[in-house]
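Questions regarding the structure given below will be posed in turn.
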Amino acid sequence: MDSEPSLAVRKQIAARILTLRGEKVMLDADLALLYAVPTKVLNQAVKRNETRFPVDFLFQLTEAEKLEVVTNCDHLKRLKYSPVLPWAFTEHGALMAANILNSPRAAEMSVYVIRAFIQMRRELAMHEVLGRRLAEIEKVLLGHGVALRDLYQKIRPLLLPPPKSTPREIGFHVKPDVRGAAKGRKP
């Protein structure tokens, strides 16, 4: 089971995982901080080992993405005036970066990084399951709504008061003939 420090570390790491281009990523500055190396050293190691970082492991942010990240993430304000565009590492890229750095700190922290990515993936899967379940419930409720509306339309006439009819006359009455004479009499 997780000890409290490792859980706290994973939460800190999870807070630094961003979604860019539909991918969960960590920026080079955050990854370098976790691996206890300067960002420049991390990026140099990545450049020396370019073949280990295909496009699904690592990509460079555009100026617009950099601006969005700086605007939305308080801990990345220092990137605002940097002339260099940051690199974004996917889960596999973060693990590969730890492997090329080959330091005990990078190896230790890469375990936490991977666990944070896995936990986020689990939570996302749970949200997807809940979303599907809510869609099913909504579909059932909409079906019930149609059935209830149909039932209401059928019951509504029964709830209305009966139409007023002329009261029936009681007793014997002589009705005048069309010519004004009473029926049965001869003029």
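Computed from the coordinates by the stated procedures, all read-outs in this text should not be read as laboratory data. Please read these numbers as outputs of a predicted model, since none were measured by experiment. Backbone-built Cβ (ideal geometry, glycine too); neighbour counts: all protein chains shown.
How large is the Kirkwood hydrodynamic radius of the stretch 35-88, in angstrom, based on all distinct alpha carbon pairs?
Numbers: mean 1/r = 0.0814 Å⁻¹.
By the Kirkwood definition, the hydrodynamic radius is 12.3 Å.
Still on this structure, please answer the following. Using a Gaussian network for the chain with springs between C-alpha atoms less than 10 Å apart, which of these wobbles most: L151, L67, L95?
L151
If neighbour count is taken as other Cβ atoms inside 10 Å, put H92, H127 in order from fewest to most.
Final ranking by Cβ density, sparse to dense: H127, H92.
Then there is this: I'd like to know which of L79, Q44, A64 lies farthest towards the positive end of the charge dipole of the chain, counting +1 on Cβ of Lys and Arg and -1 on Cβ of Asp and Glu.
A64
I need to check one value: relative contact order of the stretch 4-122, counting alpha carbon pairs closer than 8 Å and at least 6 residues apart, in percent.
Across the stretch 4-122, relative contact order equals 36 percent.
Go ahead and estimate [θ] at 222 nm for the chain from helices alone: -39,500 (n - 2.57) per DSSP H run with n ≥ 4, summed, over the residue count, rounded to 500.
Mean residue ellipticity at 222 nm (helix-derived): -19000 deg cm²/dmol.
As a footprinting exposure proxy, order S110, S165 by other Cβ within 10 Å, with the fewest listed first.
Ascending number of Cβ neighbours within 10 Å: S165, S110.
Another one. Take M96, M26, M126 and order them by how many other Cβ atoms sit within 10 Å, fewest up front.
Lowest count first: M126, M96, M26.
Distance in nm between label sites at Q44 and E128, each 7 Å beyond Cα in the beta-carbon direction?
Those two pseudo-labels are separated by 4.1 nm.
Can you count the Lys pairs in the chain with C-alpha separation below 17 Å, eight or more apart or on different chains?
On the way: K11/K24; K24/K66; K40/K80; K66/K77; K66/K80; K175/K183; K175/K186.
Taking the chain as the scope, the lysine pair count is 7.
Please find, in a Gaussian network model of the chain (springs between Cα atoms separated by less than 10 Å), the residue of L42, L158, L27 whose mean-square fluctuation is greatest.
Result for the chain, Cα springs under 10 Å: L158 fluctuates most.
Taking 35 Å as R0, compute the FRET efficiency from the Cβ-Cβ separation of R21 and I137 and round it to 0.05. It would help to have the intermediate numbers written out before the result.
Working: r = 32 Å, r/R0 = 0.93.
E between R21 and I137, to the nearest 0.05, is 0.60.
In the set (1) 1, 6, 7, 7, 5, 5, 4, 4, 4, 3, 3, 3, 3, 3, 3, 3, 3, 3, 3, 3, 3, 3, 3, 3, 2, 2, 2, 2, 2, 1, 1, 0, 0; (2) 1, 8, 13, 17, 18, 15, 11, 7, 5, 3, 2, 0, 0; (3) 1, 6, 11, 12, 11, 8, 5, 4, 3, 3, 3, 3, 3, 3, 2, 2, 2, 2, 2, 2, 3, 3, 2, 2, 1, 0, 0, which value of P(r) over Cα pairs in 5 Å bins from 0, in percent was calculated from the structure you see?
Given (1) 1, 6, 7, 7, 5, 5, 4, 4, 4, 3, 3, 3, 3, 3, 3, 3, 3, 3, 3, 3, 3, 3, 3, 3, 2, 2, 2, 2, 2, 1, 1, 0, 0; (2) 1, 8, 13, 17, 18, 15, 11, 7, 5, 3, 2, 0, 0; (3) 1, 6, 11, 12, 11, 8, 5, 4, 3, 3, 3, 3, 3, 3, 2, 2, 2, 2, 2, 2, 3, 3, 2, 2, 1, 0, 0, the calculated one carries the label (3).
Between R149 and Q12, what FRET efficiency comes out of the Förster formula 1/(1 + (r/R0)^6) with R0 = 45 Å and r the beta carbon distance, rounded to 0.05? Don't skip to the answer; put the middle values down first.
Working: r = 52 Å, r/R0 = 1.16.
Working from the Cβ atoms, E equals 0.30.
Given the options K24, K175, K40, state which has the largest fluctuation in a GNM of the chain using a 10 Å cut-off (strictly under) for Cα springs.
With Cα springs under 10 Å in the chain, the top fluctuation among K24, K175, K40 is at K175.
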